Each structure stands twice: as C-alpha cells, then as structure tokens.
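A short reminder: the numbers here are calculations on the coordinates, not readings from a lab. Here the structure is a predicted model, which is why all the values come from computation and not from measurement. Because the Cβ atoms are built from the backbone with ideal geometry, glycine has one as well, and the counts that use them run over all protein chains shown.
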Amino acid sequence: MAIWVLRYGHRRMRDARASTHVALVARALGAKGIIFEGERDDLLMERLRKIAKEWGGEFEVRHTADWMKEIGKFKAAGGWVAHLTMYGQRLDDVIDEVRKQKKEGMGGMEKDGLVMVGSQKVPTEAYQLADFNISVTNQPHSEIAALALFLDHYFQGTELKLEFGGAQRRIVPSKMGKNVITCNE
C-alpha cells in the first residue's frame, strides 16, 4: 500500500515554491511519490530528486500530461482517490473510511491511494473523479497544510518517526542549534 500525491495544474513561474513544499511534505510524511500535471518543470523535479537522494528514502517524482488519465489508470489498478478541497467532507468525519480502503483490495492486497492537490481553479471533474472530497476545514486554507494534516491523520502519527534509508545527510534532533551529520550508508 502506498500513498501518491497528484499535484494538478502546476504553473512553473507561479507555483514553483508551493509545489516544492507540497512535494517536501509528501516525502517527509510518508508518500511514495508525487506526480505533477500542468506545465512540465524539469528543474523542479530534478531539485526534488536531489533532495530525496541526499536525505534518503525512496521518493519518486514524475510528470503526467493528463491528470484525468492518471486518475483513470490509478483507479483501473484498484486504487482509491482523495481530493483535498475546502468544500469537501470534514477530514475527521471520513478518515476512518479512507483508511479502511487500503484493506479492501482485491485478493487481500492493500490498495494504493492517490491524494489530489490542486494549484489553480479546481475543475468540476476533480470532484467527480474522486472517491473522497475531503476538507481539513471548511475555510480557505493552504493545500500544503491540508496535505500535511491528511497524511498525519491517515498514518495516525506513525509518519513522524519514519527512518529514511540511504541518506547522505541526517538531522540529529537537538534542543538548540543545528546538528546535521554526513552519513556513510
């Protein structure tokens, strides 16, 4: 079972910083990878791959030309789709049902999840294609915060203790200051 993030409608000049932060949150909080749709941004994707290599773990970064086809392929493989939107059902009201999806795959296999995070006006099809339209709050809010809260609720806090194998650098938690070590893994 893996969680993927689909960042649809990415615009290179306008969304580079927010899309970077969406990917960093996805990686740090346990997603398998991120799929960008919209303007192809090879510089952004390469920067994210470099971060994943340096800080460890397996995190895939790729681009798709058509987010709706990506969702179709994902669902055809038995996956479920959650769309994060302030207009959706409250996270606390549906997270148990979402979590239950991973255990209902064919032949006892766990299902993968795809979490959609937009960057511009949300097309109607996003609401229609999603199995779940989820809001962390029914107020305007950041897609970055929404993704972080969704992943935290989904993984029930276990993602906060993830270990990232193959890291070249690691942060050693400290009460004050910065403690970064170079790894020889």
Exercise. Considering the values [x] -0.49, -1.34, -1.50; [y] -0.58, -1.37, -1.47; [z] -0.52, -1.21, -1.30, which represents log10 I(q)/I(0) by the Debye sum over Cα atoms at q = 0.12, 0.19, 0.20 Å⁻¹ as calculated for the structure under consideration?
Worked result: [y]
Seminar exercise, completed: Relative contact order in percent for segment 3-182 (Cα pairs under 8 Å, 6+ apart) equals 28 percent
For this session: Please list 42-49, 2-9 highest first by mean number of surrounding beta-carbon atoms within 10 Å per residue.
Result: 2-9, 42-49
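What 222 nm value per residue comes from the helices of the chain, counting each DSSP H run with n ≥ 4 as -39,500 (n - 2.57) and dividing by all residues, nearest 500 deg cm²/dmol?
Values: 6 runs with 71 residues, N = 185.
After summing the helix terms and dividing by residue count, I get -12000 deg cm²/dmol.
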Exercise. Lysines near residue 75 by alpha-carbon distance under 22 Å, same-chain residues fewer than 8 away left out - which ones?
Worked result: 32, 100, 102, 103, 111
For this session: Work out, step by step, the length gained on full extension between residue 162 and residue 14: first 0.36 nm times the residue separation, then minus their alpha carbon distance; give nm to one decimal.
Result: 50.1 nm
Seminar exercise, completed: For residue 175, the lysines lying under 20 Å Cα to Cα, once residues fewer than eight places off in the same chain are dropped, come out as 161
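Which net charge results when you count Lys and Arg as +1 and Asp and Glu as -1 among the other residues whose beta-carbon is under 13 Å from that of residue 16? Write down the numbers at each step before the final one.
Numbers: positive: 7, 11, 12, 14, 17, 40, 47; negative: 15, 39, 41, 42, 46.
The answer is +2.
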For this session: List the aspartates and glutamates whose Cα lies under 15 Å from the Cα of residue 69, skipping any in the same chain that are fewer than 8 positions away.
Result: 37, 125
